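Here is the structure we will look at.
Please treat every number below as a calculation from the coordinates, not as lab data. None of these values were measured; they are calculated from a predicted model. When we count neighbours, we look across all protein chains shown, and the Cβ atoms used for this are built from the backbone with ideal geometry, even at glycine.
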Amino acid sequence: MSLEKTLSQIKGSFSDYVLGLTEYAGEQIIHIKGQGVIDVLKTFKDAGFNFLADLTAIDNLTLGGFERFAVVYHLLSHGSAERVTIKAYVPEDNPVLPSIELLWKTADWQEREVFDLFGIEFEGHPNLTRIMNPDDYEGHPLRKDYPRLGRKERYDFPVIDRGIQKQKRTE
Amino acid sequence: MTRVTEQQLETDRMILNFGPHHPSTHGTLRIIMELEGETVTKATPEIGYLHSGFEKLGEDLDFNQYITITDRMNYLSPLCNNVAYALAAEKLMELEVSKRTEYIRVLMCELSRIADHVLNVGMLAVDLGAMTAFLYGFRVRENIYDLFEIATGTRLTTSYTLVGGLMRDIPEGFDKAVLKVLDEVDEVANDIETLLNKNRIWQNRTKNIGIISKENAISYGISGPMARASGIDWDIRVNEPYSSYEDFDFDVAIALNGDVFDRYLVRMEEVRQSIKICKQSLDKMPTGDVSIDPDLGFNLPPKDEVYNSIEGLIYHFEVTMPNRGMTPPVGEAYVPTESPNGELAFYIISDGNRTPYRVRTRPPSLINYSIFSKLIEGHMLSDAPAIIGSINVIAGELDR
């Protein structure tokens with residue numbers, strides 16, 4: 001099935017979830033609500049978009065959008081060589097949306113990365129732990145309100161006094 | 001001497017820590033393996049040892065500055081990263097580049113693909129004990145890096161592209177140097193295949209190891225040579241051509257078994273096809289300019305002028321000062337490219353400022369590596385280096 005047909009089918013059957021359709025530089029972007037992500041992606045998968053190329057997120061703090069966070073899915077159809085971008089919006093106070101690990105196994109690590117760097121939780125994920133940062137790390141670095149400059153956490157490192165350093169400090 | 005009954009023997013599984021500083025991990029990755037005898041029953045990869053916040057850094061650097069960061073991602077083929085990022089930024093700003101620029105980019109991408117594949121095969125071989133293939137591969141890779149040095153000025157941190165063009169044109173006589181190296185590559189590819197293809201030990205160590213089925217490859221998002229070794233006929237250069245790849249005549253290498261041996265065969269065939277593309281690109285090289293259209297107001301002047309004339313220097317400052325230079329429209333662009341590891345894409349979102357709002361890298365290494373724990377299950381511990389080697393994990397790109 002072609003991309004346009006699938007898009008109109010989704011607009012028809014999931015009108016509660018669909019927030020809008022936009023186009024930039026020839027690429028179709030469909031904006032949906034977070035809770036509808038499994039239904040919409042399953043429809044795309046059945047329509048031939050068999051490959052989840054990329055999964056990431058955007059913090060819309062200053063960019064503006066339907067909600068604070070958008071989880072972005074890039075789908076590819078190996079049959080028709082078409083691509084589509086799906087943006088699922090989740091609110092700031094409760095950033096939770098269903099995991100799509102059941103549809104594509106590649107979502108496992110990529111959802112963990114989004115959880116680690118953005119703090120968005122995925123319901124039903126088998127192992128939602130931090131992947132890039134240490135487990136005891138505080139904060140989510142790719143959020144726009146996380147400081148880009150400065151040495152926030154480096155100041156918290158314990159100071160170890162040994163040998164030469166200790167002598168210098170006492171002088 | 002007392003007789004030990006079976007009940008008295010220790011039957012616990014052994015936990016083995018593989019990495020982060022194991023020679024065959026090629027960087028810093030750690031795998032916690034559960035062993036029963038020598039068989040791996042469960043493997044948990046731990047990554048993030050080289051996480052350097054490149055995506056966050058992208059929000060502070062302007063479009064041309066970030067190209068230097070892309071060098072550090074896949075450090076075995078930095079030119080492919082440069083090109084992929086430039087393509088994404090150009091799509092965002094809807095810029096057209098000259099035909100000559102596109103052909104030089106193709107030439108450089110294919111040379112890096114050869115260097116990457118030859119090194120990967122060599123590394124895989126040396127991890128399995130075949131030193132000679134590694135040395136052959138390393139020698140020819142060094143020659144290709146010399147070419148990069150001639151064209152870009154450095155071996156590794158090339159930063160060759162600009163948004164809308166190239167840093168500099170290829171020098172005179174570059175084509176002869178390339179042809180000479182390509183002949184050496186052809187010879188070395190033959191040598192490596194003669195050494196390995198029918199080698200009994202090589203076959204035993206690689207055949208039927210780490211098999212990825214077609215369904216699993218799609219489900220795990222595998223791309224590039226790994227996907228093609230599992231029988232997926234998908235090459236972005238052919239199916240979604242970018243940067244004038246549609247002008248070139250080459251075949252897509254495909255294998256059907258999806259094991260380590262097939263991945264090796266696909267890589268060797270891609271080296272041969274890349275030689276073909278390089279030669280075509282040199283033959284058909286269009287004349288023209290590689291710099292950006294000066295009417296746009298953000299083309300950097302040639303380095304000669306910047307260093308040797310006051311006008312050039314002033315103009316350079318005009319372009320690079322924080323409140324000048326390029327201002328892209330509000331929008332986003334995702335451009336998939338075929339890097340040596342698979343689908344490499346940069347997803348740039350712009351809010352109209354000088355710096356991107358967000359830069360996402362679609363890292364083929366990370367996504368290809370996520371299947372590892374499934375592949376190693378049931379295999380022997382000594383197969384782990386073979387599987388890691390065939391995935392070609394580049395830690396810089398894996399953790400970014």
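Annotations for the structure displayed:
- Angle in degrees between helix B:174-196 and the longest Cα principal axis of chain B, rounded to the nearest 10: 10
- Principal-axis tilt of helix B:260-283 within chain B, Cα atoms, nearest 10 degrees: 20
- The value of relative contact order for region A:3-170, using C-alpha pairs under 8 Å at least six residues apart, is 16 percent.
- Seen from B:Val178, the other residues with C-beta closer than 12 Å to its C-beta sum to a net charge of -3, counting Lys and Arg as +1 and Asp and Glu as -1.
- Helix B:99-127 axis, angle to chain B major axis (alpha carbon atoms, nearest 10°): 20
- Based on C-alpha pairs under 8 angstrom that are at least 6 apart in sequence, chain B has a relative contact order of 26 percent.
- Measuring between their Cα centroids, region A:44-118 and region B:321-382 lie 14 Å from each other.
- Gyration tensor verdict on the protein assembly as shown (Cα atoms; rounded if a/c is under 1.5, prolate if a/b is larger than b/c, oblate otherwise): rounded
- Neighbourhood charge, 10 Å Cβ-Cβ cut-off, centred on B:Lys207 and excluding it, Lys, Arg +1 and Asp, Glu -1: -1
- Net charge, B:Glu36 excluded, C-beta distance under 10 Å - Lys, Arg +1, Asp, Glu -1: -1
- Here the residues B:Lys176, A:Lys33, B:Lys207, ranked from fewest to most Cβ neighbours within 10 Å of their Cβ, fall in the order B:Lys176, B:Lys207, A:Lys33.
- Exercise: per-residue mean of other protein chain Cβ atoms within 10 Å, A:49-62: 5
- Within region A:3-170, DSSP assigns beta bridges of which about 75% are antiparallel (rounded to the nearest 5).
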